[in-house]
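S.K.: Take this structure, written in structure tokens, and hold onto it; I'll ask about it next.
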Amino acid sequence: MRNDEGTPIWFELSTADPDKAQQFYAGVAGWNVTTSPMPEHGGYRIANAGDGAGVGGLMKPPPGMGSASGWAIYFATGDVDSAAARVRELGGAVHFGPMDIPHIGRFAAVADPQGVGFMLMTGSSPEPSLAFAPAPGAPGHAVWIELATPDPDGAFAFYGKLFGWEKAGAMPMGEMGDYAFIGKGADFRPGAVMPGGGGGAPARWNWYINVPDIDAAIARAQARGGALLNGPSEIPGGDHAATITDPEGFVVGLVGPRK
């Protein structure tokens, strides 16, 4: 996959019940979920948006990954091995890999200095990933990422040195601190960094799926055993954002208009 360094290129759910997850997300996000035809992928399920582009995957935690579960974001890098070594140099950790995925590429599971996990990936395909499609967005694609961390300044320092990100403005949130936007160059604005990880709430990466009608998507989530955590709240541009949990309690965001 040929994407700029630090671009979110894949979104992966590790779950004890892929069948239930498939039913939930197909209904909420409108995904068409298929099983990889390659036996060496061990029944890995691929989530495709309505336009046919691959967005993410669903799987049981593989051997060696412990009990890790929930959503993970893969970020593009031109050299996984060098990037993983850089993570260590910058005070982060490498939990798994780097290792090859047959016919897909090479990846590593890592964490930043605040302990927030993410994935590094160098894809073997010459074509870029289309999983992340920000504004105006396409239904079923990712449109925003968000890091909740106890040390936003430290996070910007880490990811800045790893991916070249910088702080590109901020929106004050009162006593909660700033909602600081991630930038790189003139056009790359994939998401934001905000204070989090206190009061029992985990520090984590979250991501948002584009939906054509956010109220309808929330209703479908609730009807399938999910729950609404917050929203829908209007965001710049006129769309609305909400955060939900799936039936297993895994968090994901939704973005779309109210009709």
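The values are calculated or read from the model by the stated rules, or taken from the named source; none is laboratory data. Keep in mind that what you see is a predicted model, and the values were worked out from it rather than measured. Please note: Cβ atoms are built from the backbone with ideal geometry, for glycine as well, and neighbour counts cover all protein chains shown. For the accessible areas, the whole protein counts, side chains as well, though only heavy atoms, and no ligand, DNA or RNA atoms are used. Shrake-Rupley method; radii C 1.70, N 1.55, O 1.52, S 1.80 Å.
S.K.: How large, in Å, is the chain by the Kirkwood hydrodynamic radius built from its alpha-carbon pairs?
M.R.: One decimal place: 18.5 Å for the Kirkwood radius.
S.K.: Can you give the net charge of the other residues whose Cβ lies under 14 Å from the Cβ of K167, counting K and R as +1 and D and E as -1? Numbers along the way, then the final one.
M.R.: Working: positive: K161, K184, R189; negative: D151, D153, E166, D178.
That sum, taken over residues with Cβ under 14 Å, equals -1.
S.K.: Rounded to the nearest 5, what % of DSSP beta bridges with both residues in the chain are antiparallel? Before the final figure, lay out each step's value.
M.R.: Working: 52 of 68 bridges.
Around 75 percent of the beta bridges assigned by DSSP in the chain are antiparallel ones.
S.K.: Next question, about the same structure. Looking only at the range 121-259, where both bridge partners belong to it, what percent of the DSSP beta bridges are antiparallel (to the nearest 5)?
M.R.: 75 percent
S.K.: Taking the Cα centre as origin and putting +1 on Lys and Arg beta-carbons and -1 on Asp and Glu beta-carbons, what dipole magnitude results for the chain, to the nearest 20 debye?
M.R.: Once rounded to the nearest 20, the dipole reads 280 debye.
S.K.: What is the local net charge at S233, summed over the other residues whose Cβ is closer than 11 Å to its Cβ (Lys, Arg +1; Asp, Glu -1)?
M.R.: Combined, the nearby Lys, Arg, Asp and Glu give -1.
S.K.: Sticking with this one: So what does K161 come to for accessible area, using a 1.4 Å probe and Å² rounded to 10?
M.R.: Accessible area of K161: about 130 Å².
S.K.: May I ask for the net charge around R88, where only other residues with Cβ less than 14 Å from the Cβ of R88 are counted and Lys, Arg are +1 while Asp, Glu are -1?
M.R.: -1
S.K.: For the pair M99 and D19, how long in nm is the line joining their label points, each one 7 Å along Cα→Cβ?
M.R.: Here the modelled spin labels are 2.7 nm apart.
S.K.: Here's something else I'd like to know. Could you sort the peptides 238-249, 21-32 by per-residue average Cβ neighbour count (10 Å cutoff), highest mean leading?
M.R.: Numbers: 238-249: 17.5, 21-32: 20.0.
Final packing ranking: 21-32, 238-249.
S.K.: Quick one: putting +1 on the C-beta of Lys and Arg, -1 on the C-beta of Asp and Glu, what dipole do you get for the range 71-176 around its Cα centre, in Debye to the nearest 20?
M.R.: My answer is approximately 120 debye.
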